[in-house]
Each structure stands twice: as structure tokens, then as C-alpha cells.
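Worksheet: one structure, shown below.
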Amino acid sequence: MVFFCCDGCGETLKKNQVDGHAAKCRDCYAVSCVDCSVSFPGDDYRTHTSCISEAERYEKTVYKGARKLDQHGNQTQPQKYKKLTPQEAWNQTIITAAESAPPSLKSYMDQLCVHENVPRKEKQFRNFTVNSLRLKGAEGERVKDEIWKLLVKV
């Protein structure tokens, strides 16, 4: 239940009592939400349907949930895209490169996409491919060079 406080006289009101109070209170120019402290002039309070939860209100320092309010005090949708870690960005690069890989490298790139811990530095990457993709010898060196060039290009 959303409660509001009259900014003119300080009376606390339920949402359905605000209109009646505004008609008889001369100083009622705006009402503020008790939970999130957002002030609503006129009848803007009608658009305010949700704000902070009880957990967020009473457990301020330990609450971990996402809470974003727009200028009207309504809770906005959580962000769908978060910033990627460097390893996640590298994994996305590998997936993108695998999609555009030539047929000769396609099977190796598909194997790389399965791994989440592919190194981002060339020396460690070469060692990883020797152990994980079994790329050894002169032919393996050629394939490792082609894969690395493809990844750097993307």
C-alpha cells in the first residue's frame, strides 16, 4: 500500500484519500511518497504505483536488489545489458570470429567456443591451443597463426 504525506500540512494519507484531502486542505500543493520521498505536484501521484520494497527500506546496507527510479518516482526496468568483463568480451570475440571463420578453421573455432577460459594473450593462447586443441608440429603452428590472426582481426 502506497502512503503519501501532504507537503502543506504534513498529514499522512492513503492513495485513495489524497483527492478528498486536496479538496479541503488549502496548503496541499503537492504530496510526497512516504517510502521513496519523491514529491508529486497536483495529481501526478496517480502515476506512482510502486517504489522501494520493504527489504530495501529496512535493510538499507545489506539489500542487494536493483532499484532505479525515474523522474516521476516510478521504478524503471532493470538494465538488460551490463558491462562485460574482459574475459566475457574475449569470449564474444571468439564466437564472432567462429561465425566468420573459413572452413579450414571452423572446427577449431567451434572447439574454442566451448571453452570459457581461453587466454587473451598470444603466448598463453598458443600454449592453450597445444593442450586443448592438440595443435602440435608445423601444421599446428600454421593453424595457431591463422586462428590468432582471425581473432585479432575481429
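Coordinate-derived values only; no laboratory data. Every value quoted in this text rests on a predicted model; they were computed, and no experiment measured them. So basically every Cβ, Gly included, is an ideal-geometry build from the backbone, and we count neighbours across all protein chains shown.
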With each label point set 7 Å from Cα along the Cα-Cβ vector, what nm distance links Asp44 and Ser107? 6.5 nm
Please sort by residue number the GluC sites (Glu not before Pro) in region 101-154 whose DSSP state is loop and whose Cβ has at most 13 other Cβ atoms within 10 Å. Glu116
